[in-house]
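One structure is given here, and the rest of the page talks about it.
The values are calculated or read from the model by the stated rules, or taken from the named source; none is laboratory data. These numbers come from a predicted model, not from an experiment. FYI the Cβ positions are ideal-geometry reconstructions off the backbone, even for glycines, and counts take in every protein chain you see. All accessible areas refer to the heavy atoms of the entire protein, side chains included, with ligands and DNA or RNA removed. Shrake-Rupley method; radii C 1.70, N 1.55, O 1.52, S 1.80 Å.
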Amino acid sequence: MINVERTFVFVKPDGVLRGLIGEIIKRLEQAGLKVIALKMLKLTREQAEKLYDIHKGKHFFEPLVNYVTSGPIVAMILEGPDAVKKVRKLIGKTNPVEADAGTIRGDFALTISRNVIHAADSKERAEYEMKIIFKDDEIVSYKRVDEDIVWFTE
Ligand code: CMP
């Protein structure tokens, strides 16, 4: 049975400032994932603390919140079969030193503090995180012309 799900991703300020928005969206789209919401914004401290609430109290929490609120981000919701797992695979391990070549972090990042992109790690977290950034009416429903082929399962 096909498991179509939605996930939440954002290109971090390092990715935006380095001009990687297009390259990142290209990689996600070419895998067959459908962009159903997209927005550039500067996160407020409150939004960042909510997005990273599970890391509260850890040594990297404050620097992380300071960093992701320091510049523009590009947030998106992606839809497709097993989207959460697939996006995590395309992005690579959190620490770019361990991320495989061919993944976004493997190809474009060197340190864990500037790892270019964030992606939700479960369906539940994806739904929680996307609600911090997107209203329901900012999510668009449409059919990609290649969906019947790329999403095909028997
Ligand atoms: P991200 O996938 O956005 O989730 C939490 C972020 O915290 C992570 O990517 C890293 O950019 C950042 N971070 C900084 N230090 C660490 C660390 N020691 N362990 C995990 N994440 C870290």
Legend entry - Cα-based reach from Lys58 at 21 Å (exclusive), listing lysines while leaving out same-chain residues under 8 positions away: Lys12, Lys50, Lys93
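With the full set of protein chains in place, find how many percent of the accessible area of the chain is carbon and sulfur; take the probe as 1.4 Å.
On the way: 4600 of 8400 Å².
Here it works out to 55 percent.
Determine the sum of side-chain charges near Asp148: Lys and Arg each +1, Asp and Glu each -1, restricted to other residues whose C-beta is under 14 angstrom from that of Asp148.
Net of charged neighbours comes to 0.
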Inset, instruction - Please give the contour-minus-distance gain from Asp148 to Met1: 0.36 nm per residue of separation, less the Cα-Cα distance, rounded to one decimal in nm. - result: 51.5 nm
Inset, instruction - Count the DSSP beta bridges whose two residues both fall in the chain, then state the antiparallel fraction as a percent rounded to the nearest 5. - result: 100 percent
Legend entry - Charged-residue dipole, Cβ positions (Lys, Arg, Asp, Glu), the chain about Cα centre, Debye nearest 20: 440 debye
Inset, instruction - Using +1 at the Cβ of each Lys and Arg and -1 at the Cβ of each Asp and Glu in region 4-150, identify which of Ile149, Val11, Phe134 lies farthest towards the dipole's positive end. - result: Val11
Inset, instruction - Using a cut-off of under 16 Å, list every residue of region 31-71 whose amide N is near the label point 7 Å from the Cα of Arg18 along the Cα-to-beta-carbon line. - result: 68, 71
Legend entry - Most mobile listed residue (Pro81, Pro96, Pro63) in the chain, GNM with C-alpha springs under 10 Å: Pro63
Legend entry - Whole-angstrom Cα spans of the chain along principal axes, big to small: 47, 36, 27
